[in-house]
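Note sheet for the following structure.
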């Protein structure tokens, strides 16, 4: 009885995690879009980008170094080249396991995971994530949650 419950729980977890892991792993090989480290000594002031209410008569001087802002929003507009590069990313040929279709993306992700699993069984490959990968992901998410709650930097040991 207990083993069938555990098996059932495992299969339900696997059905939910495989598509998530498959779609997550697609982003693993993405190149860094900021090729150099940021040097804070090379900062520039952008004219015309200050709040119109930020006037000299309201300046109260420097703030304490320990002051923490509650909320800061920075909005960036990508260049035309960056926008074009992100419009549609082609799927590399080696990952095109399914014929073209008009299925919604969620359905295609599940179908791709199943297709990869079939190929793994056929040739002994390792295209699809394993239960161990799911456990690692859960541990990572738990670490992120703990860091968020505690406000401390946490180490994650895969």
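Filtering the stretch 127-150 down to residues that are touching a residue at least 60 places away in the same chain (Cβ under 8 Å) and outside any loop (DSSP other than H, G, I, E, B), which residue is surrounded by the most Cβ atoms within 10 Å (Cβ to Cβ)? Looking at residues that are touching a residue at least 60 places away in the same chain (Cβ under 8 Å) and outside any loop (DSSP other than H, G, I, E, B), I get 134. Taken as a whole, the stretch 88-106 holds at least one residue that is at pLDDT 80 or above and closer than 25 Å to residue 34 by Cβ. Of the residues examined, residue 122 is one that is outside any loop (DSSP other than H, G, I, E, B) and exposed (fewer than 10 other Cβ atoms within 10 Å of the Cβ).
The condition (being free of Cβ contacts under 8 Å to residues at least 40 places away in the same chain, touching a helix residue (DSSP H, G or I) at 6+ places or on another chain (Cβ under 6 Å) and assigned to a loop (DSSP other than H, G, I, E, B)) is satisfied by just one residue among 46, 98, 89: 98. Are any of the residues in the stretch 63-80 part of a loop (DSSP other than H, G, I, E, B), touching a residue at least 12 places away in the same chain (Cβ under 8 Å) and surrounded by 10 or more Cβ atoms within 10 Å (Cβ to Cβ)? No: zero hits.
The values are calculated or read from the model by the stated rules, or taken from the named source; none is laboratory data. Values in this document were obtained by computation on a predicted structure and should not be read as measured data. So basically every Cβ, Gly included, is an ideal-geometry build from the backbone, and we count neighbours across all protein chains shown.
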